[in-house]
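Q: My structure is below; once you've seen it, I'll send some questions.
The values are calculated or read from the model by the stated rules, or taken from the named source; none is laboratory data. Predicted, not measured: the structure shown is a model, and the values here were computed from it. When we count neighbours, we look across all protein chains shown, and the Cβ atoms used for this are built from the backbone with ideal geometry, even at glycine.
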Amino acid sequence: MRGMPEWIKQALAWIVVVGAIVATWIILDLTGAVSSDRLPPLTDVISAAGREAEDLPIAVLATAGRVAAGFVIGAVVGVFIALLSHLSTVASELLAPPIHLLRSFPPFVVAPFIILWFGLSVQAPIVFAATVTAFVVVIDSGEALRVVRREYPQAAQALGAGHVSRAMLIDTPAIIPAIAGGLRVALVGAVNAVLLYEMLTGTEGVGDLLIRGYQLFRIDTLFFAVIVAILLSLLLDRILVLLLNRATHWSRG
């Protein structure tokens, strides 16, 4: 496979993985190794997809929109807090304890409070996703800022740049390549937060499809919803990777 473009290699790898999963699924169904109430036939899942096809685009767009909005807000807030802590010792000492305390809370513990405080408002799932994202990003950004090459800030200072200018023009671009992995982890957290909110509240979205399949004992619908959630998460991750590659092309050249 030498000389083959990277995207073709990745596509072939995905085809092999998906083909293996589908083949295993069909074999388990045909042999009866797993009962249909635990693993529905693939044809039943396809039928469920047909039943949900009309409402699915709206559900996917609703979930994706909430995730995107929450992720962007959380990422900006996380980087801002990390920069503030990096530039001010006082801010670092004041913010570090609550950040480390609150980030230890599992999302399912935070969810009831989000619902209690924001109810079924449009802002609720966005706030939830932003909160989960911010805690991941602030930790990764803080660690990245500690290892930013010293000559960058020194050069900026020599040219007369102040703290704010340095943070915006030097520190932030410099840490983006280092926090790329953390951003991808944060995105998964944002997806999980929005799905959890939709499941708990019945708000229209992929999470609502998941909980309906479970509550109505429609395992074919449940499996279809899981597949949709996975594909949505993979799609958003791929979009984020493309954006990060574009934003950090200078670091590879």
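Q: Among the helices (runs of 4 or more DSSP H) confined wholly to the stretch 30-113, which include 1 or more residues that are modelled with pLDDT under 85 and more than 30 Å from Met199 (Cα to Cα)?
A: Qualifying helices (runs of 4 or more DSSP H): 56-87, 89-102.
Q: Cβ contacts < 6 Å: first residue in the same structural domain as Phe113 (by TED's automatic domain parsing) and of a type in the set (Val, Ile, Thr), restricted to the stretch 184-209; second residue part of a helix (DSSP H, G or I) and surrounded by fewer than 24 Cβ atoms within 10 Å (Cβ to Cβ), any location; separation 6+ or different chain. Result?
A: Close Cβ pairs (under 6 Å, with a partner that is part of a helix (DSSP H, G or I) and surrounded by fewer than 24 Cβ atoms within 10 Å (Cβ to Cβ)) amount to Val185/Val136; Val191/Ser233; Val206/Ala59; Val206/Val228; Val206/Ala229.
Q: Mind counting the residues in the stretch 107-133 that are over 18 Å from Ala62 (Cα atoms) and among the small types (Gly, Ala, Ser)?
A: 1
Q: With respect to the numbered conditions (1) surrounded by 14 or more Cβ atoms within 10 Å (Cβ to Cβ); (2) under 27 Å from Ile239 (Cβ atoms), which one is the sole condition not fulfilled by Leu12?
A: The failed condition is (1).
Q: Would you call Leu94 touching a residue at least 60 places away in the same chain (Cβ under 8 Å) and assigned by TED's automatic domain parsing to the domain that holds Thr221?
A: no
Q: Quick check on this structure: which one of Leu231, Leu242 is within 21 Å of Ala49 (Cβ to Cβ), at pLDDT 85 or above, under 21 Å from the mean Cα position of the chain (by Cα) and not aromatic (Phe, Trp, Tyr)?
A: Leu231 is the lone residue from the list that is within 21 Å of Ala49 (Cβ to Cβ), at pLDDT 85 or above, under 21 Å from the mean Cα position of the chain (by Cα) and not aromatic (Phe, Trp, Tyr).
Q: Among the residues of the stretch 10-63, which ones are small (Gly, Ala, Ser) and under 23 Å from the mean Cα position of the chain (by Cα)?
A: Ala11, Ala13, Ala59, Ala62
Q: Then there's this: Please identify the pairs in which a residue from the stretch 39-52 that is outside the structural domain of Ile219 (by TED's automatic domain parsing) has its Cβ atom under 6 Å from the Cβ atom of a residue that is small (Gly, Ala, Ser), counting only partners at least 6 apart or on another chain.
A: Cβ pairs passing all conditions: none.
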